[in-house]
1. For the range B:168-176, state whether one or more residues are free of Cβ contacts under 8 Å to residues at least 24 places away in the same chain and under 20 Å from residue A:185 (Cβ atoms).
2. If residue B:258 satisfies all but one of (1) part of a helix (DSSP H, G or I); (2) in contact with a Gly (Cβ under 9 Å, 6 or more places away or on another chain); (3) under 27 Å from residue B:237 (Cα atoms), what's the number of the condition it fails?
3. Out of curiosity, is residue A:140 modelled with pLDDT of 95 or more and in contact with an Asp or Glu (Cβ under 7 Å, 6 or more places away or on another chain)?
4. When you go through A:231, A:201 one by one, which is the residue that is within 27 Å of residue A:27 (Cα to Cα), part of a helix (DSSP H, G or I) and not aliphatic (A, V, I, L, M)?
5. Tell me, please, whether a residue that is surrounded by fewer than 18 Cβ atoms within 10 Å (Cβ to Cβ), of a type in the set (A, V, I, L, M) and over 25 Å from the mean Cα position of the chain (by Cα) can be found in the range A:137-146.
6. Among residues belonging to the range A:10-28 that are β-branched (Val, Ile, Thr) and within 11 Å of chain B (Cβ to nearest Cβ), point out the one that is surrounded by the fewest Cβ atoms within 10 Å (Cβ to Cβ).
7. Scan the range A:42-63 for residues that are within 9 Å of chain B (Cβ to nearest Cβ) and crowded, with 19+ Cβ neighbours inside 10 Å and jot them down.
8. Please work out if residue A:440 is within 30 Å of residue A:35 (Cα to Cα), aromatic (Phe, Trp, Tyr) and more than 10 Å from every other protein chain (Cβ to nearest Cβ).
Amino acid sequence: MDSVIYFYQYMVYFYSITLTTIYLFLAVLGFMNIRKKRLRYTKKEEALFNLYPEVAPGISIVTPAYNEEVIIVDNVKSMLNLDYPNFELVVVNDGSKDKTLELLTGHFELEEVPLDYTYKVRCQPVKRIFKSKNPQFHRLTVVDKINGGTKADAMNAGVNYIQYDYFINTDVDCILSRDTLKKVILPVLDSNVPVIAVGATMRMVNGCEIDEGVMTRVRPPRQFVPTFQETEYLRSYLVAKMGWSVINAIPNVSGGFGFFSSRLVINVGGFDPLSHAEDMDMTTRMVAYMRERGEKYKIEQIPDSCCWTEGPSNIQVLRRQRTRWGRGLIQIFIVHRRLLFNRRYGRLGMLVLPYAFFFEFLAPVIEATGLIFLIFLLFTQQINFSTFWLMLLFVYLISITVSMITISYDLTVKKQYKKFREYLRLVVFSAFEAFLYHPFVVFFSLTGYVQFFTRRSFKWGAMTRQGFSRATPTIKI
Amino acid sequence: MDRIKFYFYYLDSQFEGFAPIIRITVFVVMLLLFLYLLSLSRLFLINRGISKRRRRRKEIRNKYENGIRDVICSRVNLDAEDISNRINLHKSDNKHKWQKEMFTKLLLSIKEKDREKINLNNYNEILYLLRLENYWENEISTGRTGRKIRGIRKIEELTTEVVSGIVAPLLYHRNENLRKLARSEFIKFEEQDAFRFLEEEDFDRKFNRLDEIRLHSSIKQKSQEQALPLLAQWVQNAQNIDFKCFLIREIAYFKQEESAPYLLEIFKGSRDSSVQAEIVKALGILQYEGALPVFTSQFKLYKLSIQYNIVDAIGRIGKEESLPFLFDIYDDAYNNEMKLKVLEAIQKCRDKDNILLDQR
């Protein structure tokens, strides 16, 4: 029994040390990457696209919508407002039962056009296609289809219709910053190796002021849960993904905002409607495809905040989100198990997936068993309290130090919040994250794993939409 | 330093005799605490820097913006002394680096907003008065890589009368980003041999699509000052396929019709499908009818991408004689995309020659 206890303790200890080392390493790489990107890509490079639209590559934006009457008009207005010369917006109405389509038709003067549609990847049948009579909205297309039950199916319907070599996959609850397309295309162009996907920083829109689809004031969320999630997202993007990007080992381009090569997505068969984590599944399949063909590729990450998404406003919505992520993660390792530790897949098989397995998937398991183990040691009076407090401090410091590094990186990239005390709010919240938020994340992740194995039928999970325009009075600055 | 060493040894001595795991943990805890405090300080310092820059920018704007705007937009030509009196420039307001940079920002923002009203004489006099060109030239010559890159960007925005000698030392710099930026700006600045790098190294050994856009902007600006050379002269000898394709696209964009026969010869001799596809597209844009027999004679043997471009090109050129060929292609087409392209091409030919089609 003693040897089991010692083994477990040492295993958890070295797990923590390894995780700390990895995070600090990623933080260093991330910092270098942020500096490099800030030097290479400035307003001058972005201005080239507006000055010389004849050479600006076309970009499609695909956004699925299912029962989104609260938010759809603001979202589409926001997208059509993007500052880039050559883009199109394809909204996929995924069999909405509410007034989504009517609102779109009314606001944007849509009319049905001939059904010129090719099924390059599988999706539920498309019924109609709408374009606007008004030249002001010439970039907009609405694809009306039969509901496929998942976002992936709707995405595929959009991918079948787009005309450009690149597209952005974004959610209907996301607001993109006006210069998003210019920022996201730059690393694609500035590469001698094909860039198959680009990720960017996502933030919480909760608490921000939006005026007719345009972000007028960025603020951290007022509610507890999305405030914690804001820092969590920033950690993931500014430290983890910016760091992984240096060694071309980004595990996942987020489904909330992802920039992809259209051709490659079609070649790998589109998004998987059966996946609970279609973003990580797509990233994995794209990389595997390139590796199998011996083709060079790169996945880039930019530090700029390009996308604001509505975060879970309470614990119930957080639970739905995290259980889905948990199910998605475990599904990835089952579906793509042949890639794990497979040298043929290079960094994907030998680094990215093993890292995700040990430090993302197993983390909640180790934390939960660690807690049970701790309770056991307490009851059996086997705790050395001076060592205990030291180890607790160590684990606590990992969390708050990485958060602190992240927040400082965020300010380096751009001062998004008008007031400095809003950054200090994130600093204060990060001090309590380990007690007030993280335990829920662990519990919900484990719930997701259990749900996957008990094979309950799942729905995508409704986000309870707050909408942008009605929550707070907006003041145009 | 001695004090730090003292505390380090003190801390080490406190854990003398403890298990290595404990000592490692204490070390890691100290490291994390240090990083936390460092990041927190950094957060405050960055914010302070941002506030300071904002304050300084506001100060310069409040003092000089209206005066400088009036001078730049004035219809009367002024010299440096007059301008200095008008805007009430104090020597102390133009000594430090940050002041030069703020004045640069201010000038560029005025230039951006009031582009149509700029009096070039007064503008150049202000540049001379504020010594901004000297400042940025100095940054390019002596600064670190980041400052050099910034310097090239700023000086290109500020003035059109830059001597290419400023960027000359950077044309073979080992930093790829700096080197390529210098080369693309060199085209704008240089008067004797602006297109030197279109021949040398295919612009750059690490040529990519961002360089295409920069080069295109430089060539376009140059075309507004003087007649462009025939870009086709560099196509045949270019080794880099992407660079070759770029030149072909530029030939089409600048409508260098004299290059069309030469491009057709390259098309016949080329084995690279992307080059061939670009040439077809370019010849379509240039409306070169001489290419039609070549395109149609071996149409079915070409790759699909080239076939698509041939159909588009035929549509652009729009000759009645091409219609039977298009009808045959439509009948033989096995994919919807080809059929759609052929129909579009037929429509264009019809519109161009005003022919009534028989129903097929």
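1. No, the range B:168-176 contains no residue that is free of Cβ contacts under 8 Å to residues at least 24 places away in the same chain and under 20 Å from residue A:185 (Cβ atoms).
2. (2)
3. no
4. Every option except A:231 fails the conditions.
5. Yes, the range A:137-146 has at least one match.
6. A:21
7. Listed by number, the residues that qualify are A:45, A:48, A:49, A:55, A:56.
8. No; evaluated as a whole, the condition is false for this residue.
The values are calculated or read from the model by the stated rules, or taken from the named source; none is laboratory data. What you see is a predicted model; the values in this text were computed from it and never measured. Every residue, glycine among them, receives a Cβ derived from its backbone with ideal geometry; neighbour counts consider all protein chains shown.
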